[in-house]
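Below you'll find the structure, written out as C-alpha cells, and then a few comments.
The values are calculated or read from the model by the stated rules, or taken from the named source; none is laboratory data. Remember, it's a predicted structure, so these values are computed and weren't measured experimentally. Note that we place each Cβ from the backbone using ideal geometry, even for glycine, and neighbour counts take in every protein chain shown.
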Amino acid sequence: MRFAAEFSRFDAEVFHYCLRAPVDVVHHRRCVRGDDPANAGWSYQRAIECCEVHASPAFATHIDAADRSPDEIASDILGRVVK
C-alpha cells in the first residue's frame, strides 16, 4: 500500500491493521448513528464494496471489529505492537 511505503520512510517498522466487520454490522452501526439508508444509498452501496475488498490480504493484518468495543480493539492492537 502506498501509505505504508510513505510511512516507512520515517520508521522502518510500520504496522498496518484493517478493522473489519460484516456489511450488515456496518449498516446497522450507521443507522444507530443516525444515517438514513434512503438518503445515503451511495454510501451504503460503497460499504458493501469496501467490506468485500477489505477481505483481501493486501489489507495486512485483519482485526475483527464486529463484536468488540473500541477499547477491546485498541487493547488488541496495542498487544500486537507493544513488545
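Laid out as a table, the results:
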read-out: Hits in the range 30-83 (condition: farther than 18 Å from residue 19 by Cα and of a type in the set (Asp, Glu)); value: 35, 36
read-out: Counted residues, the range 36-83 - those being closer than 16 Å to residue 25 by Cβ, among the polar types (S, T, N, Q) and surrounded by fewer than 10 Cβ atoms within 10 Å (Cβ to Cβ); value: 1
read-out: Residue, farthest from the chain's Cα centre (by Cα), within the range 1-45, restricted to residues that are among the aromatic types (Phe, Trp, Tyr) and in a loop (DSSP other than H, G, I, E, B); value: 10
read-out: Any pair with Cβ under 9 angstrom, 6 or more apart, that starts in the range 49-68 at a residue that is acidic (Asp, Glu) and ends at one that is in a loop (DSSP other than H, G, I, E, B) and surrounded by 10 or more Cβ atoms within 10 Å (Cβ to Cβ); value: 64/21; 67/21
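So that you can scan it fast, the table gives a plain yes or no per residue for (1) modelled with pLDDT of 90 or more; (2) under 26 Å from residue 75 (Cβ atoms):
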site: 11; (1), (2): no, yes
site: 16; (1), (2): no, yes
site: 19; (1), (2): no, yes
site: 22; (1), (2): yes, yes
site: 34; (1), (2): no, no
site: 42; (1), (2): no, no
site: 45; (1), (2): no, no
site: 51; (1), (2): no, yes
site: 56; (1), (2): no, yes
